[in-house]
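Visitor: Encoded as structure tokens, here's the structure I'll be asking about.
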Amino acid sequence: MHRPTQILVALGVALALAACGSPSEQEPTAGPADVVDGTNLTDITETEQYIDIETEETAGTTQLTPEEQAEVHLIDAGDRVYFDYDKSAIGVEGEATLRAQGELLLGASGLTVTIEGHCDERGTREYNIALGERRAEAVKTYLVSLGVEANRISTLSYGKERPEVAGHNEDAWRQNRVAVTVINP
């Protein structure tokens, strides 16, 4: 390539990058597509746009029942309580998770759950079934202490038979020492 051509190519690339990299300093003006129900969308936040605008897909849908809302939010609240090795005592993080679960369950009186107790792979099958049951019962007891009716909570121990995470190391074992709250169908 000749020197003047190289300069022109470099200048063109620089201009293209400059045009892509910097936003316009002009204030955007609202056009017809930016106004919905008389509201200028450039004047409201992005979050408000998503909340306030009804689409054809959402038109006519029904509101969720408290039970359905609880099901949707259980994972956000935390559906797992982790335990130390060979322990069934609930720690501080577990208590926070269970308080959030308790709030959800108290707000959805028709909802029932099963607490699944799990263990890591170390120890005998029989020992881990018993330990998984103690973990599940500890979670149930805590939820009942918060006011959730005991007859809405069942427990089940998988021991080491259904690991949450595959692996034969401390990280996998830590994740498998857990009680998981599952909403019943």
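Visitor: Across the range 169-185, in residue order, what do the Karplus-derived ³J(HN,Hα) couplings come to in whole Hz, using 6.51 cos²θ - 1.76 cosθ + 1.60 with θ = phi - 60° and x for Gly and Pro?
Guide: Running phi through 6.51 cos²θ - 1.76 cosθ + 1.60 with θ = phi - 60° gives 9, 4, 4, 5, 4, 4, 6, 8, 8, 8, 10, 10, 8, 10, 6, 6, x Hz.
Visitor: For the range 116-165, which GluC sites (Glu not before Pro) pass both filters: DSSP loop (anything but H, G, I, E, B) and at most 13 other C-beta atoms within 10 Å?
Guide: Numbers: sites: E116, E121, E126, E133, E137, E149, E161, E164; in loops: E121, E149, E161, E164.
Here the sparse-neighbourhood loop sites are E149, E161.
Visitor: Count charges around G167 for me, please; just the other residues with Cβ under 12 Å from its Cβ, Lys/Arg as +1, Asp/Glu as -1. Walk me through the numbers on the way to the answer.
Guide: Working: positive: R174; negative: D120, E121, E164, E170, D171.
Value of the local net charge: -4.
Visitor: For S109 and E161 in one chain, what is 0.36 nm times their gap in residues minus the Cα-Cα distance, to one decimal in nm?
Guide: Numbers: separation 52, 0.36 × 52 = 18.72 nm, distance 3.18 nm.
Length gained, S109 through E161: 15.5 nm.
Visitor: What is the list of residues in the range 150-180 whose amide nitrogen lies under 20 Å from a point 7 angstrom out from the Cα of Y85, following Cα to Cβ?
Guide: Within reach of a label on Y85, which here means backbone N under 20 Å from a point 7 Å along Cα→Cβ, the range 150-180 contributes 159-161, 163-179.
Visitor: As an exercise, use a Förster radius of 30 Å and the Cβ-Cβ distance of E126 and E149 to find the FRET efficiency, rounded to the nearest 0.05. Show your work: numbers first, answer last.
Guide: On the way: r = 31 Å, r/R0 = 1.04.
Given R0 = 30 Å and the Cβ-Cβ separation, E is 0.45.
Visitor: While we're here: Report ³J(HN,Hα) in whole Hz for each residue of the range 104-111, in order, from the Karplus equation J = 6.51 cos²θ - 1.76 cosθ + 1.60 where θ = phi - 60°; Gly and Pro get x.
Guide: 4, 5, 5, x, 10, 5, x, 7
Visitor: Then there's this: Name the residues whose placed amide hydrogens come within less than 5 Å of the amide hydrogen of T112, ignoring near sequence neighbours (fewer than 5 apart) on the same chain.
Guide: Correct list: N184.
Every number here is computed from the coordinates shown, using simple stated rules; none is lab data. The structure displayed is predicted, hence computed values, not measured ones. When we count neighbours, we look across all protein chains shown, and the Cβ atoms used for this are built from the backbone with ideal geometry, even at glycine.
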